[in-house]
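Chemist: Shown below is the structure under consideration.
The values are calculated or read from the model by the stated rules, or taken from the named source; none is laboratory data. These figures come from a predicted structure and were not determined experimentally. Neighbour counts are summed over all protein chains in view; Cβ atoms, including those assigned to glycine, are modelled from backbone coordinates with ideal geometry. Surface areas here come from the heavy atoms of the whole protein model, side chains and all, with no ligands, DNA or RNA. Shrake-Rupley method; radii C 1.70, N 1.55, O 1.52, S 1.80 Å.
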Amino acid sequence: MKNRKRALVLAGTAAALMATLIAAAPAPAAPASAAPAAPKVAAVHGGGTIRYPYVPASHDIRFTVDAEAAPWSRPFPAPGGEQGMPVDARGKVTIYHAMPDGNFTAVGEAEVDCLVTGGRTATVTAVVTSSNVGWEGKRIGISVQDGERGGPDRLGFSWGIANVDVGSDGSVSEPRVGTCMAPAPFTEVTKGGFKVTPAPLSPRPSTP
């Protein structure tokens with residue numbers, strides 16, 4: 001009987017000690033809140049050879065596009081343009097067109113000024129900074145479609161089959177390409193490829 005009472009006393013003492021330790025222990029720290037994810041930035045990266053049916057098969061036409069969105073970074077002197085546009089962008093486009101039948105290769109490099117995405121498709125414009133065909137200062141438009149389900153990537157460009165203006169007098173001219181303007185990606189990429197990273201349009205920044 002004495003042993004039993006002693007065991008009960010020891011058990012009670014241990015329970016009291018455990019309760020004291022639990023009360024004295026610091027409360028567990030609240031889990032640190034995860035840092036907000038950085039907003040996704042629209043982009044197009046890659047390069048490829050295209051099939052263009054209106055030139056001889058011996059021609060080699062290649063494009064590279066490295067463009068990333070830089071919203072509201074290109075102010076322009078017009079009402080509402082003080083902060084730029086949500087589709088402002090930066091990067092580079094290069095064009096290579098080898099024509100063995102004419103013993104000539106056209107090359108050009110252009111600075112990206114606009115990028116807009118929609119799903120797996122993007123439209124990019126860029127102003128030519130150097131070329132061997134006299135295109136300096138000309139804005140060009142490129143559209144890219146990132147292929148899916150094993151389908152090929154596609155690309156379109158603002159010359160050759162598009163952007164022709166016929167006047168009432170029958171005169172033909174090539175209008176200037178506006179920012180982010182390009183035809184649908186009308187031809188296939190036969191070698192290489194492009195990655196389109198879509199993103200929603202950036203909200204307008206608050207004014208000071």
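Chemist: Quick query: amide H of G108 versus all other amide H atoms, modeled in the peptide plane; which residues come in under 5 Å with a sequence gap of 5 or more or a different chain?
Modeler: Amide H to amide H, under 5 Å and 5 or more residues apart or across chains, G108 pairs with I95.
Chemist: Top to bottom by accessible area (1.4 Å), largest first, where do D165, D146 land? Please list the in-between numbers first.
Modeler: On the way: D165 75, D146 20 Å².
The ordering from most to least exposed comes out as D165, D146.
Chemist: Search the structure for amide H atoms under 5 Å from the amide H of A89, placed 1.01 Å from N in the peptide plane, and list their residues when 5 or more places away or on another chain.
Modeler: A70, C114, L115
Chemist: Related question: Taking Cα atoms of segment 57-105, Rg/Rh with Kirkwood Rh, to two decimals?
Modeler: Details: Rg = 17.7 Å, Rh = 13.4 Å.
Reported Rg/Rh, Kirkwood definition of Rh: 1.32.
Chemist: Using the scaling law 2.2 N^0.38 Å as the reference, what is the normalised Cα Rg of segment 154-208?
Modeler: 1.71
Chemist: W72 to K92: extension gain in nm, 0.36 nm per residue of separation minus the Cα-Cα distance?
Modeler: Separation in residues times 0.36 nm, less the Cα-Cα distance, equals 5.4 nm.
Chemist: Can you bin segment 57-176 into rounded, prolate or oblate? Criterion: square roots of the alpha carbon gyration tensor eigenvalues sorted a ≥ b ≥ c, rounded for a/c under 1.5, prolate for a/b above b/c, oblate for the rest.
Modeler: Numbers: a/c = 1.63, a/b = 1.23, b/c = 1.33.
The shape class here is oblate.
Chemist: Please list, in order along segment 173-180, the HN-Hα scalar couplings obtained from phi with the Karplus expression 6.51 cos²θ - 1.76 cosθ + 1.60 (θ = phi - 60°), rounded to whole Hz, x for Gly and Pro.
Modeler: In residue order, the calculated couplings are 9, 10, x, 5, 6, x, 4, 6 Hz.
Chemist: Per residue of segment 52-69, in order, report the coupling 6.51 cos²θ - 1.76 cosθ + 1.60 (Karplus, θ = phi - 60°) as ³J(HN,Hα) in whole Hz, putting x for Gly and Pro.
Modeler: Along segment 52-69, the couplings run 10, x, 9, 10, x, 4, 6, 5, 10, 10, 10, 10, 10, 9, 10, 9, 9, 5 Hz.
Chemist: Label-point separation (nm) for K195 and S131, each offset 7 Å from Cα along Cα-to-Cβ?
Modeler: Using points 7 Å along Cα→Cβ, the separation is 2.9 nm.
Chemist: Which links in K40/K195; K92/K191; K138/K191 stretch past 24 Å when you go from one Cα to the other?
Modeler: Checking Cα-Cα distances, K138/K191 exceed 24 Å.
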